[in-house]
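J.: Okay, handing you the structure first.
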Amino acid sequence: GRPFLTGSKLFLSFSHSEEMVGCVLSEKPVGIDIQKIKSVSMNLKKRVCTKEELLFIEENGDDNFFIIWSLKESYIKATGTAFADAVRFSFVRDGKINCDNALFFAEYGFSDEYAWSTLKIK
């Protein structure tokens, strides 16, 4: 059950993490996710990330885990796919985060405390 606006054709997604809240509306399916950056176990990283993503995080810093996590959560929200399918999908190609896809458009960013992403179906 994705959230919806009664009587509207707009798609809605929202996310929160501690003090941060985000909401996005779109004419196409959309997802948003916000993650508080904190210490996480290698077990969690292995549950969420592909091998290529794990290598990217190892080479570029743990904060990137939260970008990848938020992209996957946004993907789940926009597509309605299962978590198991999202963890098999890699957002890292050729050694960098890559959101260029024929089916969707994604953006991401992070501050010292939070990582966020939005993903919209084209």
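The values are calculated or read from the model by the stated rules, or taken from the named source; none is laboratory data. As the structure is a prediction and not an experimental result, all values here were calculated from the model. Here the Cβ positions follow ideal geometry from the backbone for every residue, glycine too, while neighbour counts run over all protein chains shown. Quick note on the areas: whole protein, heavy atoms, side chains included, nothing else; ligands and nucleic acids left out. Shrake-Rupley method; radii C 1.70, N 1.55, O 1.52, S 1.80 Å.
J.: Straight-line reach from residue 51: which lysines fall under 20 Å, measuring Cα to Cα and dropping same-chain residues less than 8 apart?
T.: Straight-line reach from residue 51, under 20 Å: 72, 96.
J.: What list of ³J(HN,Hα) values in whole Hz, one per residue of segment 10-18 in order, does the Karplus curve 6.51 cos²θ - 1.76 cosθ + 1.60 (θ = phi - 60°) give from phi, with Gly and Pro shown as x?
T.: With the stated coefficients, segment 10-18 comes to 6, 9, 10, 9, 9, 8, 8, 8, 6 Hz.
J.: Normalised by the residues of the chain, what does the relative contact order come to in percent, with Cα pairs under 8 Å and at least six apart?
T.: Details: 228 pairs, mean separation 33.9, N = 122.
Relative contact order comes out at 28 percent.
J.: So, with a 1.4 angstrom probe, what is the percent of accessible area on the chain that is carbon and sulfur? Working shown, then result.
T.: Details: 3930 of 7320 Å².
The computed percentage sits at 54.
J.: Using the C-alpha gyration tensor of segment 1-70, what are the square roots of 5 times its eigenvalues, in whole angstrom, with the largest one first? Please report the intermediate quantities before stating the final value.
T.: Working: eigenvalues 179, 35, 19 Å².
Ellipsoid half-lengths, sorted descending, are 30, 13, 10 Å.
J.: Keeping every protein chain in place, order 47, 93 by accessible area at 1.4 Å, biggest value first, i.e. largest first. Mind dumping the intermediate values first?
T.: On the way: 47 155, 93 90 Å².
So the residues, ranked largest to smallest area, are 47, 93.
J.: Can you give the longest stretch of the chain with no exposed loop site, where a site means GluC sites (Glu not before Pro) in a DSSP loop (not H, G, I, E or B) with at most 16 other C-beta atoms within 10 Å?
T.: Details: sites that count: 18, 19, 27, 113.
Counting only loop sites that pass the neighbour cut-off, the longest clear stretch is 28-112.
J.: Could I ask something else about it? Could you pull out every residue, at least 5 positions away or on a different chain, whose amide H is within less than 5 Å of the one on residue 114? Hs are placed 1.01 Å off N in the peptide plane, and Pro or chain starts have none.
T.: 37
J.: Please list, ordered by chain and number, the residues whose modelled amide H lies under 5 Å from the amide H of residue 2; skip anything fewer than 5 residues away on the same chain.
T.: Hits under the 5 Å cutoff: none.
J.: Ranked highest first by average number of other Cβ atoms within 10 Å, how do 2-8, 95-101 line up? All intermediate terms of the calculation are to be shown ahead of the outcome.
T.: Numbers: 2-8: 8.9, 95-101: 12.7.
Top of the packing list down: 95-101, 2-8.
J.: Now for a separate question. What FRET efficiency, computed as 1/(1 + (r/R0)^6) with R0 = 35 Å and r the Cβ-Cβ distance, is obtained for residue 55 and residue 16, rounded to the nearest 0.05? Walk me through the numbers on the way to the answer.
T.: On the way: r = 30 Å, r/R0 = 0.87.
Taking R0 as 35 Å, the efficiency between residue 55 and residue 16 is 0.70.
J.: Okay, moving on. I want the local charge near residue 11. Using Cβ-Cβ distances under 10 Å, sum +1 for each Lys or Arg and -1 for each Asp or Glu among the other residues. Walk me through the intermediate numbers first.
T.: On the way: positive: 2, 9, 28, 77, 120; negative: 27.
Net charge in that neighbourhood comes out at +4.
J.: Ignoring everything except DSSP H segments at least 4 long, calculate the 222 nm mean residue ellipticity for the chain; use -39,500 (n - 2.57) per segment, divide by total residues, nearest 500.
T.: On the way: 4 runs with 40 residues, N = 122.
Helices in the chain give a 222 nm mean residue ellipticity of -9500 deg cm²/dmol.
J.: Moving on to the next point. Among residues other than residue 87 whose Cβ falls under 12 Å from its Cβ, what is the net charge (Lys/Arg +1, Asp/Glu -1)? Intermediate values should be presented prior to the final figure.
T.: On the way: positive: 45, 46, 47, 51, 72, 88; negative: 53, 73, 85.
Summing Lys/Arg as +1 and Asp/Glu as -1 gives +3.
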